[in-house]
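Presented below is the structure to which this report refers.
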Amino acid sequence: MPQLDLNRVSMPKQKPKARAKNFNEVALGYNEKHALAEATRCIQCKKRNCVEGCPVGVDIPEFILALREGNMPEAVKVLKSKNALPGICGRVCPQETQCEETCSLAKKGAPIAIGRLERYVADWELNHQTDSNPELAPATGKRVAVVGSGPAGLTAAADLAKRGHEVTVYEALHIAGGVLMYGIPEFRMPKHIVQAEVDYVKSLGVEIKLDSVMGKISTVDELLEEGYDAVFLGTGAGLPMFLNIPGENYNGIYSANEFLTRTNLMKAYLFPEYDTPIKAGRNVAVIGGGNVAMDAARCALRLGAGKVYIVYRRSRAEMPARAEEVENAEEEGVIFKLLTNPVRFLGDDQGWVTAMECVEMELGEPDESGRRRPVTKKGSEFTMEVDTVVVALGTTPNPLVPTTTKGLDTTKKGTVVADEETGKTTKPGVWAGGDVVTGSATVISAMGAAKRAAASIDAYLRGQ
Amino acid sequence: MYQILTREDLTPEIHLFEIDAPGVARKAQAGQFIVIRVDEKGERIPLTIADWNREKGTVTVVFMEVGKTTRKLATLKAGESVASFAGPLGVPTHIENFGTVVCVAGGFAIATIVPIARAMRAAGNKVISIMGFRSKELVFWEDRLRSVSDELIVTTDDGSYGRKGVVTVPLKELLEGDGKIGRVVAIGPTVMMKFSSLTTQPFGVKTIVSLNPIMVDGTGMCGVCRVSVGGVTKFTCVDGPDFDGHQVDWDELMARQRIYLDEEKRSLELWQQSHGRR
């Protein structure tokens, strides 16, 4: 057995000082030399633990083998046969808790950088015209409507089109991509990459109808009556949660959805060239500790804010954000105010927020999420001066579709009830997957659910 | 892309577009709105639906030139297109036989009140409409509103046409009169809706207003259109745009409408410079 190489090849990044002032991609990606060196470290295990760790089951050892043998078209083919969106997943998947966690070399502390290699292969394809389109199954004559064009919708659409079904995707916004376009910032998920992967899905024969707010322009019942044989709901979790504390409607207080949508979808960072404005003030407080909070804080820096704070009620260990994103934010100059909870906002006579009253917290016994419950420290009230606040507490599913669909059961949290294995909902002919079922989660978990649903829809349409 | 089939200039600054949008036309109802984006770099703004034709598949919107987006929109001719046109959004106006309904509209909101007055009348109401303008040359659609109303009162601020004064004066007279008023619908500039609501409040006549805060997506996603109604935060785009005018926190709404005043001014000035316009 050859000696194990435990030197994980690092990926070049823009320097923190420079990148905190631009919207260009932070992580620059491997070059050929990096990619070959990293791919060579893979020991091609017989027991494919990495594949088991991948929610969409990418044949990881095979694509790495093709890469290191210099057969890039084959690497692309292997990757895309399971994953229609590799350029996206290579960038935003939490590999450290998936394929890289289960990699045999992880025990030695140096798992193969599978995400970086995936990104390398996807980007290589973008720059080299290859015909990577898979053979489509013969047309079945069955029609499927997919509601939402985010990670779940695109994945379901691609898989169903490959299996020979006629797919139409309905998207409420004016651009396809869902959270990949409106939520995740350009510096983490360049929009031309998303566009290229959307174009790939379209090249499989999928039609995408934009500006189509399902529940308003049509209902799911009407889609079924009008000739669709099945419907997949991938409408995501688009409704912002607020703190519900006094003063939250003062000017200058944004939901993370608004802050990120203005910045990313509407390109407010290019105002006034683009028409949508945004304000990032002298003191910006982002409330929350997830990836969305990190994205909002890092956008605020790039928009020219003075000081940017992450205000989180638990400690660093409980932060749901990826460690890498927390590090990136910190390197760029975001200030962390942990174990801190806002209790009300103060404003001026023009209706603008001027300050935030907070309390300090300490960690008590674990709660139902298994994380230690934050408890208010008595007499710890203090006031922070702020002129911009971004509330990043998470999101819940938009009720527009569930409330207009007869016979579709939802939970108390507003999520759609669906079978975990098949994505089947309580309404015949209707499947669902992604954040609309789980509440806000990851891109890849939505894609995994969509893949399973597509398989179930395919079996249903073929009368199995 | 959504083609403008007809353009009409109702006044020098108020324009009507009939737009080819069969999907929206199929479902449009009185009181709903659409979100429009002029071009690829454009912002998303809501416009109330003024009319629709389900057979032709068209939707009519009326807008007034205010900032860059509406001025840019006003440069488009029939045959040209807008980049996005999404709807019908929001909850339709609640239509019921209330007996007598007073429909009050100010400025370009006349276009919004016409389908509501029409629907109220079709539901069996006696409809008394009040339309208010700054002055005579801004008056439009008097005939249209008259055709769907049992009575019509026109006011101008300067007295150049109809009665001199603001809409709340005849509104108050109607409330003080003999006839029982079952409902008031007031649509127009925020300040006009606020004062119409203040006028009706002492009489206890429920007054529905159609709010027009800043929006981005228009589907409940961003929350910029949040408004306090009866002390509870509502999203205008999905919970409204119609609300009980007696419950609305008007000062908060007006403050929130001013969030981007500086940016809007700058944006408009730059655009005017580069286009050599006033």
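Go through the residues of region A:224-244 one by one and say whether even a single one is open to solvent by 10 Å² or more (accessible area, probe 1.4 Å), assigned to a strand (DSSP E or B), within 11 Å of chain B (Cβ to nearest Cβ) and in contact with a strand residue (DSSP E or B) (Cβ under 6 Å, 6 or more places away or on another chain).
Within region A:224-244 (the criterion being open to solvent by 10 Å² or more (accessible area, probe 1.4 Å), assigned to a strand (DSSP E or B), within 11 Å of chain B (Cβ to nearest Cβ) and in contact with a strand residue (DSSP E or B) (Cβ under 6 Å, 6 or more places away or on another chain)), the answer is yes, since at least one residue qualifies.
Of B:129, B:84, which residue is of a type in the set (Ser, Thr, Tyr), closer than 30 Å to residue B:269 by Cα and in contact with a Lys or Arg (Cβ under 9 Å, 6 or more places away or on another chain)?
Details: B:129 fails: closer than 30 Å to residue B:269 by Cα.
Being of a type in the set (Ser, Thr, Tyr), closer than 30 Å to residue B:269 by Cα and in contact with a Lys or Arg (Cβ under 9 Å, 6 or more places away or on another chain) holds for just one of B:129, B:84, which is B:84.
Show me the strands (runs of 3 or more DSSP E) entirely contained within region B:180-278 in which 1 or more residues are crowded, with 20+ Cβ neighbours inside 10 Å and more than 14 Å from every other protein chain (Cβ to nearest Cβ). Break it down into steps so the answer makes sense when it comes.
On the way: elements: B:183-187, B:207-210, B:226-229, B:232-235, B:242-244.
Hits in region B:180-278: B:183-187, B:207-210, B:242-244.
Inside region A:1-23, can you point out the residues that are assigned to a loop (DSSP other than H, G, I, E, B), of a type outside the set (Gly, Ala, Ser) and closer than 18 Å to residue A:269 by Cβ? Before you say what the answer is, go through the steps one by one.
Let us first name the residues in region A:1-23 that are assigned to a loop (DSSP other than H, G, I, E, B), namely A:1-12, A:14-15, A:20-23.
Checking which are of a type outside the set (Gly, Ala, Ser) leaves us with A:1-9, A:11-12, A:14-15, A:21-23.
Hits for region A:1-23 are A:14, A:21, A:22, A:23.
Search region A:265-293 for residues that are within 13 Å of chain B (Cβ to nearest Cβ) and pair each with any residue that is open to solvent by less than 10 Å² (accessible area, probe 1.4 Å) and aromatic (Phe, Trp, Tyr) when their beta-carbon atoms are under 7 Å apart and the residues are at least 6 apart or on different chains.
From residues that are within 13 Å of chain B (Cβ to nearest Cβ), the pairs are A:277/B:260.
Considering only region A:126-163, how many residues are at positive phi and free of Cβ contacts under 8 Å to residues at least 40 places away in the same chain?
Going residue by residue through region A:126-163, those that are at positive phi are A:141, A:148.
Of the ones still in play, those that are also free of Cβ contacts under 8 Å to residues at least 40 places away in the same chain are A:141.
Total meeting the criteria: 1.
Against the condition within 13 Å of chain B (Cβ to nearest Cβ), assigned to a loop (DSSP other than H, G, I, E, B) and buried (at least 17 other Cβ atoms within 10 Å of the Cβ), how does residue A:184 come out, does it pass? Walk me through it before giving the result.
Numbers: within 13 Å of chain B (Cβ to nearest Cβ): no; assigned to a loop (DSSP other than H, G, I, E, B): yes; buried (at least 17 other Cβ atoms within 10 Å of the Cβ): yes.
Answer is no for this residue.
Pull up region A:275-292, narrow it to residues that are open to solvent by less than 10 Å² (accessible area, probe 1.4 Å) and β-branched (Val, Ile, Thr), then point me to the one that is nearest to residue A:395 (Cα to Cα).
A:287
Pull up region B:69-94, narrow it to residues that are of a type in the set (Ser, Thr, Tyr) and surrounded by fewer than 21 Cβ atoms within 10 Å (Cβ to Cβ), then point me to the one that is nearest to the other protein chains (Cβ to nearest Cβ).
Pass one, region B:69-94, residues of a type in the set (Ser, Thr, Tyr): B:69-70, B:75, B:81, B:84, B:93.
Filter once more, so that each one left must be surrounded by fewer than 21 Cβ atoms within 10 Å (Cβ to Cβ): B:70, B:75, B:81, B:84.
Details: B:70: 11, B:75: 14, B:81: 13, B:84: 4 Å.
Taking the candidates together, the pick is B:84.
Condition first: of a type in the set (S, T, N, Q) and either assigned to a helix (DSSP H, G or I) or more than 23 Å from residue A:442 (Cα to Cα) (or both). Can you find one or more residues in region A:83-92 that meet it? Please lay out each step first, then the result.
Looking only at region A:83-92, we keep the residues that are of a type in the set (S, T, N, Q), and these are A:83.
Okay, now just the ones that are also either assigned to a helix (DSSP H, G or I) or more than 23 Å from residue A:442 (Cα to Cα) (or both), so none.
Within region A:83-92, not a single residue is of a type in the set (S, T, N, Q) and either assigned to a helix (DSSP H, G or I) or more than 23 Å from residue A:442 (Cα to Cα) (or both).
Of the conditions (1) assigned to a helix (DSSP H, G or I); (2) within 16 Å of the chain's Cα centre (by Cα); (3) more than 24 Å from residue A:225 (Cα to Cα), residue A:440 clears all except one; give me its number.
Single failed check for residue A:440: (1).
Quick one: in region A:202-223, which of the residues that are more than 9 Å from chain B (Cβ to nearest Cβ) and among the polar types (S, T, N, Q) is least open to solvent (accessible area, probe 1.4 Å)?
For region A:202-223, the residue satisfying everything is A:219.
From A:372, A:322, which residue is open to solvent by less than 50 Å² (accessible area, probe 1.4 Å), among the charged types (D, E, K, R) and within 30 Å of residue A:434 (Cβ to Cβ)? Even if it seems obvious, please write down each step before you answer.
Numbers: A:372 fails: open to solvent by less than 50 Å² (accessible area, probe 1.4 Å).
Criteria check complete, one pass: A:322.
Sort out which residues of region B:238-273 are of a type in the set (Val, Ile, Thr) and in contact with a helix residue (DSSP H, G or I) (Cβ under 9 Å, 6 or more places away or on another chain), and write them in order of number. Steps first, answer last, please.
Kept after step one, since they are of a type in the set (Val, Ile, Thr), are these residues of region B:238-273: B:238, B:248, B:259.
The answer is B:248, and nothing else.
Considering region A:152-180 alone, what residues qualify as being within 14 Å of another protein chain (Cβ to nearest Cβ) and charged (D, E, K, R)?
Of everything in region A:152-180, just one residue is within 14 Å of another protein chain (Cβ to nearest Cβ) and charged (D, E, K, R), namely A:171.
The values are calculated or read from the model by the stated rules, or taken from the named source; none is laboratory data. Worth saying up front: this structure is predicted, and the values here are computed from it rather than measured. So basically every Cβ, Gly included, is an ideal-geometry build from the backbone, and we count neighbours across all protein chains shown. Ligands, DNA and RNA are stripped out before the accessible areas are found, and what is left, the full protein with its side chains, is counted by its heavy atoms. Shrake-Rupley method; radii C 1.70, N 1.55, O 1.52, S 1.80 Å.
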